[in-house]
Amino acid sequence: MTDGKEPHSAEERPLALVTGASSGLGEGFAHRLARDGSDLILVARRKDRLEKLAQELRTTRGVTVEVLRADLTDDAELAVVEERVRSARLDLLVNNAGFMTPKCFADAEVGTWDAMVRLHALASVRLARAALSGMIERNVGGLINVASIAAFIPMPRNVLYTATKMFLVAFTEGLYQELRGTNVRVQALCPGWTRTEIVDDPSVDTSAIGWWDTVEDVVDDSLRCLKRGKLIVIPGWRSRWLVRLFRLTYRPILRWFLRHTGTHQVKMKQE
């Protein structure tokens with residue numbers, strides 16, 4: 001083991017399933033959970049990346065890693081993952097898969113928004129339902145729904161992204177209340193700007209962003225707070241400060257500011 005710890009026996013190792021595990025936060029969760037001795041089921045669309053990551057974790061961490069290639073926006077493929085979740089004795093489900101399309105709502109294809117709703121909302125709900133039944137029965141387990149600080153700060157050119165992340169926070173808050181009195185813990189993880197592949201996406205302008213959190217720090221915060229039973233986790237003091245500032249300044253001020261920047265506005269077609 002590279003960290004000097006003795007590996008857990010296969011019989012006592014916890015089992016975690018991570019969606020969107022081929023890069024970014026999903027990959028970060030996979031590395032950290034494997035380091036801590038969890039067996040893994042990794043889900044994403046890019047099988048080649050999953051296989052490479054799985055082999056690395058098997059070799060360096062001595063854990064069992066199952067690869068499950070799936071597009072969670074597809075009903076049939078989602079059903080396969082759903083059944084795998086239901087059949088596994090999961091200790092942790094990380095609903096991490098997601099994407100961002102920085103366009104004005106009326107400019108993007110309807111299929112893009114349909115896929116976003118299916119991935120962020122529908123897939124998360126169905127996988128959570130499949131996992132929680134067993135967790136409640138065994139009275140142990142955890143669920144992390146990866147949302148965003150965008151859930152608290154609605155922004156133009158990302159309106160459906162922020163709306164679906166708001167949904168995830170509200171959904172998780174409701175589950176938290178329902179699960180009181182059990183040992184099943186749920187968390188809405190709301191990271192700010194984090195150094196993932198989005199930094200390299202030419203369609204996303206990151207020039208005005210003043211700070212970045214690391215994947216490792218976000219994952220560490222998430223898992224530490226899950227153990228403490230914290231419901232909403234916003235990693236990084238700057239992101240927490242930004243959310244508090246928005247709540248204090250109230251929405252009309254933000255709307256005034258955005259109205260006067262002009263960069264987000266829909267461009268009217270000339271006849």
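The values are calculated or read from the model by the stated rules, or taken from the named source; none is laboratory data. Only a predicted model underlies this, so the values are computations on that prediction, with no experimental measurement involved. When we count neighbours, we look across all protein chains shown, and the Cβ atoms used for this are built from the backbone with ideal geometry, even at glycine.
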So, in region 161-213, of the ones that are at pLDDT below 95 and of a type in the set (S, T, N, Q), which residue ends up farthest from the chain's Cα centre (by Cα)?
Ser207
Might you check whether a residue that is surrounded by fewer than 18 Cβ atoms within 10 Å (Cβ to Cβ), at pLDDT below 95 and polar (S, T, N, Q) occurs anywhere in region 74-90?
no
For region 91-119, which positions are small (Gly, Ala, Ser) and buried (at least 19 other Cβ atoms within 10 Å of the Cβ)?
Ala97, Gly98
Per the filter on region 136-163, residues touching a Leu at 6+ places or on another chain (Cβ under 8 Å), under 19 Å from Val233 (Cβ atoms) and in contact (Cβ under 8 Å) with a residue 40 or more places away in the chain are Gly141, Gly142, Leu143, Ile144, Asn145, Val146, Ala147, Ile149, Ile153
Which of (1) farther than 18 Å from Leu90 by Cα; (2) touching a Leu at 6+ places or on another chain (Cβ under 6 Å) is the odd one out, the single condition Asp114 does not satisfy?
(2)
Condition set under 17 Å from the mean Cα position of the chain (by Cα) and part of a helix (DSSP H, G or I), scope region 133-158, selection modelled with the highest pLDDT: answer is Ile149
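For region 34-55, how many residues are among the aliphatic types (A, V, I, L, M) and free of Cβ contacts under 8 Å to residues at least 24 places away in the same chain?
1
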Residue that is part of a strand (DSSP E or B) and touching a helix residue (DSSP H, G or I) at 6+ places or on another chain (Cβ under 9 Å), where the choices are Arg118, Arg185, Arg129, Arg84
Arg185
Filter region 214-271 down to residues that are within 29 Å of Gly181 (Cβ to Cβ) and outside any helix (DSSP H, G or I) and give me whichever is modelled with the lowest pLDDT.
Pro235
Would you say Ser23 is more than 27 Å from Arg118 (Cα to Cα), modelled with pLDDT under 95 and of a type in the set (S, T, N, Q)?
no
